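Just so it is clear, none of the values below were taken in a lab; they were calculated from the coordinates. Treat the numbers as computed from the prediction; the structure is a model and nothing was measured. Ideal geometry is used to build each Cβ from the backbone, glycine not excepted, and the neighbour counts take in all protein chains shown.
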Amino acid sequence: MKLVIYLKNNRGFTLIELLVSITIFGIVLLSFMNFFLQSSTYTNLNQKKTVGVNVARNALMYMENQDFLETRDFFYDVNSGNQDANDHFLHLFICNDEYSTYSDKLSETEINQSCPDKKNININGLEYETTIYSEQVINQNELNYYIPITIKVRWNINDKEHSTTVDGKVKSEDIR
């Protein structure tokens, strides 16, 4: 009987009841918004990492098109019989709208003299710094056929450094 009387009541809701319901609704909505914000941030970071991986893959393809013997001799001292990789690495820049590699042996002044407009790879307003390494080869004979290459790509977002690496092999022209 009381339920029927309460349902027929035309008074409506009080101000306190409305404020409490809006507050509860706001708390629930804020918890869902936090979930979407975290999801958006995670997606954005993954998108930038995917671009970094693609930059590294392009750098690996660029290295595959370079002269095999010059690349091998840069990373390894083959003539002395030393199979350890040198501690040298290459920086990959864009110079005159093309990829160019510069040895870590060169000073910044020497690099700027050979290419005054050098710049890092820039995609969607974010600069990707690319470095190319090689690692030790177990069998010296393998250096006649391929060079193991590691491409490391670094970028900064909000003063925090992110990086990714891609490993690959540069094959000799003799077996291509």
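Listing for the model above:
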{"item": "Filter result (in a loop (DSSP other than H, G, I, E, B), closer than 28 Å to residue 159 by Cβ and without any contact (Cβ under 8 Å) to a residue 60 or more places away in the chain) within the range 117-141", "result": "117, 118, 120, 125"}
{"item": "Cβ-Cβ under 8 Å pairs, at least 6 apart or on other chains, the range 52-65 side closer than 14 Å to residue 94 by Cα, far side among the charged types (D, E, K, R) and not in a helix (DSSP H, G or I)", "result": "56/152"}
{"item": "Test result for residue 69, closer than 19 Å to residue 172 by Cα, of a type in the set (A, V, I, L, M) and more than 17 Å from the chain's Cα centre (by Cα)", "result": "yes"}
{"item": "Residue match in the range 163-175 (condition: more than 27 Å from residue 47 (Cβ to Cβ), in contact (Cβ under 8 Å) with a residue 60 or more places away in the chain, assigned to a loop (DSSP other than H, G, I, E, B) and hydroxyl-bearing (Ser, Thr, Tyr))", "result": "yes"}
